[in-house]
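One structure is given below, encoded as structure tokens.
Every read-out reported here was derived from the displayed coordinates using simple, explicitly stated rules and does not represent laboratory data. Computed from a predicted model, the values in this text were never measured in an experiment. All Cβ positions, even for glycine, are placed from backbone atoms using ideal geometry, and neighbour counts span all protein chains on display.
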Amino acid sequence: MPDYTRSLGFAFLEGTKLSRQDLFREREEISPAAYFKSYPEAPRLKLPRPDLPQADLFEALLHRRSERIYRPAALSLKELVLLLWATQGVTARAGRYLLRTAPSAGALYPVETYLAIHRVEGLPSGLYHLEIREWALEELAQGDFGAELKEAALGQSFCETAAVVFVWSGVPRRTMSKYGSRGIRYLFMDVAHICQNLLLSAEALGLAACPIGAFFDEEMNALFGLDGTEETVIYLATVGRPGR
Ligand SMILES: Cc1cc2nc3c(=O)[nH]c(=O)nc-3n(C[C@H](O)[C@H](O)[C@H](O)COP(=O)(O)O)c2cc1C
């Protein structure tokens with residue numbers, strides 16, 4: 001039986017353990033990537049600052065479940081803005097750092113946010129990128145990409161029926177230039193914080209959501225025009241109005 005200790009996963013864990021001696025060793029040299037991504041040519045929709053509702057965090061924790069059945073009803077733009085803000089809203093500035101609702105190792109923010117919008121009031125369906133500094137959505141393509149998303153997510157049909165699908169990519173150089181290969185661990189921790197903020201805020205708004213880790217990486221990258229090397233999709237989550 002193939003052993004865990006001979007797996008690629010184990011090699012990664014072992015190879016990225018930090019010891020006291022490592023503090024005095026020379027680091028892997030990895031050049032950084034730009035801290036922010038934007039699509040200057042894309043049509044932009046400036047997002048309003050959200051009106052934060054009252055909500056009980058512990059109620060949201062108690063009731064959150066992964067929900068995969070959605071009504072074919074639209075989200076309001078207000079709801080979408082609240083969800084986006086919960087995931088990556090800028091809440092403070094520290095020098096050049098734009099600190100967000102979710103923590104990030106070294107405040108390097110290696111995760112980019114994309115949306116596949118199927119049904120949001122006042123927004124054409126299509127693929128979008130969240131521009132952090134401008135707090136705007138950049139339109140990458142118009143149309144309904146539900147069928148393509150579903151196919152790239154191993155046929156999981158709720159990708160098609162959700163009102164919106166959050167798609168997060170990682171830019172490894174942003175964290176690896178500081179932390180070397182251990183930065184890959186932080187990249188996945190970062191995206192998990194972001195996703196949990198989405199899941200809890202969806203629950204607080206009475207919406208249904210489900211995280212998705214099962215997808216064909218290169219198919220998902222191709223859909224969003226990512227090269228899979230400098231930037232690659234790492235996690236998804238669907239959101240819609242609960243269907244039961
Ligand atoms: C990293 C991760 C990946 C997941 N991937 C999928 C997925 O691809 N498809 C799916 O239907 N659910 C997925 N889920 C949801 C889990 O199935 C779900 O969290 C689990 O069954 C526990 O249920 P709960 O979230 O309702 O508490 C994923 C959850 C996590 C944390």
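Worth pointing out:
- Kirkwood hydrodynamic radius over Cα pairs of the chain, then Stokes diffusion coefficient at 20 °C and 1.002 mPa s, in µm²/s: 113 µm²/s
- 25 Å Cα-Cα reach of LYS178 towards lysines, excluding residues that sit fewer than 8 places from it in its own chain: LYS17, LYS37
- Unit charges at the beta carbon, dipole of the chain: most positive-side option, LEU13, THR238, VAL90: VAL90
- Working ranking of peptides 61-69, 121-129 by packing, defined as the average number of other Cβ atoms within 10 Å per residue, highest first, is 121-129, 61-69.
- Mean-square fluctuations from a GNM of the chain, with a 10 angstrom spring cutoff on Cα atoms, peak among TYR114, TYR39, TYR70 at TYR39.
- The GNM of the chain, with springs linking C-alpha atoms under 10 angstrom apart, assigns the highest mean-square fluctuation among PHE12, PHE24, PHE36 to PHE24.
- Compared with the alpha-carbon gap, the fully stretched path from ALA214 to GLN142 is longer by 23.4 nm at 0.36 nm per residue.
- Positive minus negative residues near TYR114 (Lys, Arg vs Asp, Glu; Cβ under 11 Å): -2
- Of ASP56, ASP217, ASP144, the one that fluctuates the most in a GNM where the chain has Cα springs shorter than 10 Å: ASP56
- Net lengthening on full extension, ALA11/LYS178 (0.36 nm per residue, minus Cα-Cα): 58.0 nm
- Set of lysines with alpha-carbon distance to LYS78 below 20 Å, sequence-local pairs under 8 removed: LYS46
- When both bridge partners sit in segment 68-242, DSSP labels roughly 95% of those beta bridges antiparallel.
- Between segment 145-223 and segment 27-99, the alpha-carbon centres lie 12 Å apart.
- Residues PHE188, PHE224 arranged by fewest to most Cβ contacts within 10 Å: PHE188, PHE224
- 13 Å beta-carbon shell around LEU77, net charge (K/R +1, D/E -1): +1
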